[in-house]
Amino acid sequence: MRAFEANFDGLVGPTHNYSGLSFGNVASTSNLKQASNPRLAAKQGLLKMKTLADLGFKQGVFAPQERPSLQTLRALGFVGKDADVIRQAAKHAPAILAATSSASCMWTANAATVSPSADTQDGCLHFTAANLNNKFHRAIEHPTTSRILQAMFPDEYYFIHHEALPPVAAFGDEGAANHTRFCAEYGAPGVELFVYGRKAFSAGVEPKKYPARHTLEACEAVVRLHGLDESSVVYAQQNPDVIDQGVFHNDVISVGNRNVLFHHQESFLDQEKVLAELKQKLAAKGCDFIAIEVPTAKVSVQDAVKSYLFNSQLLSKPDGKMIIVVPEECRINPAVAAYLEELTSSGGPINEVRIFDLKQSMQNGGGPACLRLRVALTEAELGAVNPAIMMNDQLFGTLNNWVEKHYRDSLTEADLADPQLYVECRTALDELTQILRLGSVYPFQL
């Protein structure tokens, strides 16, 4: 059966700012209080989408969320008209206003976990929105995320949407940033790798400095919801020592595509066992597993975090080889640049590098992989996707004009107190729902 991998990139929202909200994300906290450029951020993301679409890859757009979230502020006791709510929050709880103004939904690798129809018992494609319970500014995303996903993938014959897991620490779920699928072909049955940071209901090792955001129990729940067979699932614990070095999600230390895992020497606890299980389970499906392990001696964990070498995309070309999509920071890091040259000239499956300037996202701790949600789709399923969200020349031009019209070119944390910013955001999103034919997905539209 013919199938494709499509990437749905988060469109950066109008309130993109550097409030340093994500403890454990070194880039996010390091750039606290700097002025951001929402207009440039959105255009950098759109250019990546358009470039990959022009290369022949299936590429879609994932809409941002309403920010600041007045619904959340009102639930926390701020009252009155919209402007009053924002002014009260700015005066009495500026940290809460900053959290409810975050544009973090741009990192759609955290939007959901996706299991394609080739893997599920019912033959449907399953989505489970991530609860992102570890961080308040992200924990408020999933209700709107679910509505947007349903507007993107509306056909109930092909697509099943699950609500987020219970929003408690024991079921902390960070979505596809901790999930990778391996297969011979996108339409063939695969093996899904679920990565967790800690166990909630039994003893185990945990990081000491930064939180382990994702639990084993959340992984197991998603496996049950998606109807996956245990013979097609591998669970792996992230190395707690690298979490303490700023590897807050697995996609900061490894990335996979088809039958290839590109990963660091220190990615997983019991790494040899994890790799052996992946090899064995893929072999049972007639697929040879290829693990490309990057030695610490060539690229340290610190350089991996600074450059986001592993927060990259691996994309399959028609000749069977792969492109690795990396941020500009990989080019300017000497150790990483040298390794990429060695990698692409080695004769292995990855033989081309594409570099993108994503500095606005990178300064908040999100690289190419953070910005996209991968969905393996059959030809029929692709035909059932909302066509208005798929990138092409016309949509690229329309969205660039939309950004130029509605986005500011500078934003500081102090600007979040301006009620006019909310008006601008709401006006922009109301227009965006018409461009992308999403219907009523935002709280102010319900």
- Query: Straight-line reach from LYS285: which lysines have a Cα under 30 Å away, not including same-chain ones fewer than 8 places off?
  - Reply: LYS58, LYS199, LYS273, LYS317, LYS321
- Per-residue [θ]222 nm for the chain (sum of -39500 (n - 2.57) over DSSP H runs n ≥ 4, rounded to 500): -9500 deg cm²/dmol
- Query: Among (i) 213; (ii) 196; (iii) 129, which one is volume of the Cα convex hull per residue in Å³ computed from these coordinates?
  - Reply: (iii)
- Message: Which one, LEU97, MET49, GLN360, is farthest towards the positive end of the dipole of the chain when Lys and Arg carry +1 and Asp and Glu -1 on their Cβ?
- Response: LEU97
- Given the Cα-Cα distance of VAL205 and LYS317 and 0.36 nm per residue of separation, how much length would full extension add, in nm? 36.3 nm
- Task: Work out, step by step, the length gained on full extension between LYS81 and ASN392: first 0.36 nm times the residue separation, then minus their alpha carbon distance; give nm to one decimal.
- Result: 108.0 nm
- Message: Run the paramagnetic zone check for ASP229: 7 angstrom along Cα to Cβ, then residues of the stretch 183-218 with backbone nitrogen under 17 Å.
- Response: 183-185, 187-193
- Debye, to nearest 20: dipole size of the stretch 181-322, +1 on Lys, Arg Cβ, -1 on Asp, Glu Cβ: 220
- Message: Per residue, how large is the accessible surface of the stretch 114-215? Use a 1.4 angstrom probe and give square angstrom.
- Response: 38
- Please work out the Cα convex hull volume for the stretch 227-295 and give it in Å³ per residue. 96
- Place a +1 charge on the Cβ of each Lys and Arg in the chain and a -1 charge on the Cβ of each Asp and Glu, then give the dipole magnitude about the Cα centre in debye, rounded to the nearest 20. 780
- Among DSSP beta bridges lying fully in the stretch 283-396, give the percent that are antiparallel, nearest 5. 40
- Query: Let a ≥ b ≥ c be the square roots of the eigenvalues of the Cα gyration tensor of the stretch 299-365; is it rounded (a/c under 1.5), or, if not, prolate (a/b larger than b/c) or oblate?
  - Reply: oblate
- Message: Suppose accessible area is computed on protein heavy atoms with a 1.4 Å probe; arrange HIS161, HIS16 from highest to lowest.
- Response: HIS161, HIS16
- Note on the structure: Using eta = 0.692 mPa s and T = 37 °C, Stokes-Einstein with Kirkwood Rh from Cα pairs puts D for the stretch 400-440, in µm² s⁻¹, at 293
- Message: I'd like the FRET efficiency for GLN34 and LEU55, computed as 1/(1 + (r/R0)^6) with the beta carbon distance as r and R0 of 22 Å, rounded to 0.05.
- Response: 0.10
- Note on the structure: Rounded to the nearest 5, the percent of antiparallel DSSP beta bridges in the chain equals 50
- Roughly how many percent of the accessible protein surface of the stretch 74-224 is carbon and sulfur, given a 1.4 Å probe and a whole-percent answer? 55
- Item | Integer Hz, Karplus 6.51/-1.76/1.60 couplings in order for the stretch 237-242, x for Gly and Pro | 8, 5, 5, x, 5, 7
- Treat every Asp and Glu Cβ in the stretch 135-202 as -1 and every Lys and Arg Cβ as +1, leave all other atoms uncharged, and give the resulting dipole magnitude about the Cα centre to the nearest 20 debye. 380
- Gyration tensor on Cα atoms of the stretch 377-416, a ≥ b ≥ c root eigenvalues, a/c under 1.5 rounded, else prolate if a/b beats b/c, else oblate, says prolate
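The values are calculated or read from the model by the stated rules, or taken from the named source; none is laboratory data. On a predicted model such as this, the values are computed, not experimentally measured, just so you know. Backbone-built Cβ (ideal geometry, glycine too); neighbour counts: all protein chains shown. These area figures cover heavy atoms from the full protein model, side chains too; ligands, DNA and RNA do not enter into them. Shrake-Rupley method; radii C 1.70, N 1.55, O 1.52, S 1.80 Å.
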